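So the structure is just underneath, and the comments pick up after that.
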Amino acid sequence: MLQIEPVSLPTVKQAKDLIYEGFLDYFPSIDESLNPDLHNILRAYEDTGSLFLIGKIGDELVCTGAFLRETADTARICRMSVAHRYRKNGYAKQMVHALETQIKVLKYKRMVIETTKEWIKPIRLYESLGYTIVGRNVEEVHFEKVL
């Protein structure tokens, strides 16, 4: 059973490694300068209105998800990743639901998320969870869900 909890000092490196592993599914290399929040996850998500969660099965970290306060009314979901061997088990959906629960507790009125336009599986996931496409550009698809 998936146990979802806030990232902590003992799990931060595993979370970062899992996210970078997921990047390598889509990119031939990783430019760490494009991901400044991953340099110090605990600091980047410590502000009120932001949260970084991990999902574990036993002691093994299997997924991540986070949100940042974008405006007083809007939270931006980010850092969604599931370890290869745990994909297609519904863990991404469970993580999004856990994030949404916390977003509602903080009284946000809107959630937004974006993904790369070629990433078909995440696009399908967000649509299946009630997110609406509100924009596209050369590189990304933008979604929102109003609470």
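Summary table
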read-out	value
Any pair with Cβ under 7 angstrom, 6 or more apart, that starts in region 92-117 at a residue that is more than 20 Å from V82 (Cβ to Cβ) and ends at one that is of a type in the set (S, T, N, Q)	Y108/T74; R110/T74; V112/T74
Conditions (1) assigned to a helix (DSSP H, G or I); (2) surrounded by 14 or more Cβ atoms within 10 Å (Cβ to Cβ): number failed by G65	(1)
Region 68-99 - residue that is among the small types (G, A, S) and part of a strand (DSSP E or B) and, of those, surrounded by the most Cβ atoms within 10 Å (Cβ to Cβ)	A75
So I103, is it in contact with a strand residue (DSSP E or B) (Cβ under 8 Å, 6 or more places away or on another chain), open to solvent by less than 80 Å² (accessible area, probe 1.4 Å) and closer than 23 Å to D47 by Cβ	yes
Residue selected from region 3-45 under the condition of a type in the set (A, V, I, L, M), open to solvent by 70 Å² or more (accessible area, probe 1.4 Å) and part of a loop (DSSP other than H, G, I, E, B), by the criterion modelled with the lowest pLDDT	L24
Leading residue by the ranking (least open to solvent (accessible area, probe 1.4 Å)) among those in region 121-147 that are part of a loop (DSSP other than H, G, I, E, B) and in contact with a helix residue (DSSP H, G or I) (Cβ under 7 Å, 6 or more places away or on another chain)	L129
Residue match in region 110-120 (condition: open to solvent by 30 Å² or more (accessible area, probe 1.4 Å), farther than 15 Å from A66 by Cβ and assigned to a helix (DSSP H, G or I))	yes
Any pair with Cβ under 6 angstrom, 6 or more apart, that starts in region 17-38 at a residue that is without any contact (Cβ under 8 Å) to a residue 12 or more places away in the chain and ends at one that is part of a helix (DSSP H, G or I)	I30/Y20; I30/F23
Test result for S50, surrounded by 15 or more Cβ atoms within 10 Å (Cβ to Cβ), at pLDDT 95 or above and of a type in the set (S, T, Y)	yes
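The values are calculated or read from the model by the stated rules, or taken from the named source; none is laboratory data. Keep in mind it's a predicted model, so treat the numbers as computed, not measured. Here Cβ is always computed from backbone atoms with ideal geometry, including for glycine, and neighbour counts include all displayed protein chains. When the accessible area is computed, the model is the full protein with side chains, heavy atoms only, and any ligands, DNA or RNA have been set aside. Shrake-Rupley method; radii C 1.70, N 1.55, O 1.52, S 1.80 Å.
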